[in-house]
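In what follows, a structure is listed as structure tokens, so that the remarks can point back to it.
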Amino acid sequence: MNTLGLRLFTRLARGLLGLVLLGNVAAAPVLQLVSTEYPPYCGSELPEQGVFTALTRAAFKAAGFETRVVFRPWARVLAEARAGQHDAVLAVWYQAEREQYMVYSDPLWVNRIGFYARAGETHPVHQLSALKGLRIGIVRGYANPLEFEAADLGGEAAVDDLTNLRKLQAGRLDLVLIEQALAAHLLKTQLREAAGQLVWLEPALASPPLYVTLTRGKPQYRKHLAAFNRGLAEIRRNGEYARIVQRLLGPLAAP
């Protein structure tokens, strides 16, 4: 074999060896996740599909899994989770009855539910009994914090949070009960003219954790749960969690 032939043979052998090695490398398993539109946490049109989605992807990736996320209305999310159609559900509050078909991860995020008011107005939100008689905006169909319901403050129900913020801006409400980051997102994207007029009042009324849930209908749900919790601990430890939050939410601190 001449020199040219030897070179060609060597290149061919190396190429074949590379193909064999690539074939032996197993692709990372892909999990299908489902969520509803819940900005700024989850959303099909949000950067990186929202901060909660980005954190979930990072945690699973740290544990060796790739992910694909689909978005559905919330009622359909729960129905498909019961049927075992997805590996996991994103951004779920704890309810005991859901444990029949889901298992909860370690908490990934903490919501802050409380009150928005017009700038310059003060209300003693730390003492709910003092809020009686105020016009408080709530959303029809939402499960409000137990503390709010126990205080028997009533509330004026609207179709969504954006409507309540508009009514607050117009002086038709005194307070709006809302999730803090959701309100900030709406003021940044859909109600920019009111961004300096409406403010969050400390302290938060309730701080319910948000979870990823693994669906019991999938045979390996326990393995996936352990992997997710392991990956979540890793991205908290190595700083990736905080970097994702800063990148997507800016001044809102990571919980």
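The values are calculated or read from the model by the stated rules, or taken from the named source; none is laboratory data. Quantities reported herein were computed from a predicted structural model and do not represent experimental measurements. Here the Cβ positions follow ideal geometry from the backbone for every residue, glycine too, while neighbour counts run over all protein chains shown.
Considering segment 123-200, the qualifying helices (runs of 4 or more DSSP H), each wholly inside and each with 3 or more residues that are among the charged types (D, E, K, R), run over 161-169.
Of everything in segment 194-206 that is at pLDDT 95 or above and not aliphatic (A, V, I, L, M), the residue that is farthest from the chain's Cα centre (by Cα) is Q197.
Of all residue pairs spaced 6 or more apart or on separate chains, those with beta-carbon atoms under 8 Å, a first member in segment 179-202 that is touching a residue at least 60 places away in the same chain (Cβ under 8 Å) and a second member that is part of a helix (DSSP H, G or I) and among the polar types (S, T, N, Q) are Q197/Q169; L198/Q169; W200/Q180. Within segment 169-178, the set of residues being among the charged types (D, E, K, R) and in contact (Cβ under 8 Å) with a residue 40 or more places away in the chain comprises D174 only. The single condition among (1) over 18 Å from the mean Cα position of the chain (by Cα); (2) at pLDDT below 95 that L128 does not meet is (2).
Annotation: of all residues in segment 109-122 being assigned to a strand (DSSP E or B) and of a type in the set (A, V, I, L, M, F, W, C), the one that is farthest from the chain's Cα centre (by Cα) is A117. Of the set (1) within 19 Å of Y241 (Cβ to Cβ); (2) exposed (fewer than 15 other Cβ atoms within 10 Å of the Cβ), all apply to P40 but (2). Beta carbons closer than 7 Å, at least 6 apart along the sequence or on distinct chains, pair a first residue in segment 235-254 that is more than 19 Å from L182 (Cβ to Cβ) with a second that is at pLDDT below 95 and of a type outside the set (K, R) for Y241/A254; A242/A254. For G196, the stated conditions do not hold, so it cannot be described as out of contact with any Phe, Trp or Tyr (no Cβ under 8 Å at 6 or more places or on another chain) and at positive phi. Of all residues in segment 164-171, one or more are out of contact with any Lys or Arg (no Cβ under 9 Å at 6 or more places or on another chain), assigned by TED's automatic domain parsing to the domain that holds N144 and crowded, with 19+ Cβ neighbours inside 10 Å.
I'd like the full set of residues that are crowded, with 18+ Cβ neighbours inside 10 Å, in contact (Cβ under 8 Å) with a residue 24 or more places away in the chain and assigned to a helix (DSSP H, G or I), limited to segment 44-55. Listed by number, the residues that qualify are V51, F52, T53, A54, L55.
Results for (1) among the charged types (D, E, K, R); (2) within 22 Å of V245 (Cα to Cα); (3) touching a residue at least 60 places away in the same chain (Cβ under 8 Å); (4) surrounded by 17 or more Cβ atoms within 10 Å (Cβ to Cβ), shown as yes or no for each residue.
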{"position": "A96", "(1), (2), (3), (4)": "no, no, no, no"}
{"position": "M102", "(1), (2), (3), (4)": "no, no, yes, yes"}
{"position": "R112", "(1), (2), (3), (4)": "yes, yes, yes, yes"}
{"position": "E121", "(1), (2), (3), (4)": "yes, no, no, no"}
{"position": "V125", "(1), (2), (3), (4)": "no, no, yes, yes"}
{"position": "R135", "(1), (2), (3), (4)": "yes, no, no, no"}
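Scan segment 56-85 for residues that are among the small types (G, A, S), surrounded by fewer than 17 Cβ atoms within 10 Å (Cβ to Cβ) and in a helix (DSSP H, G or I) and the total you get is 2.
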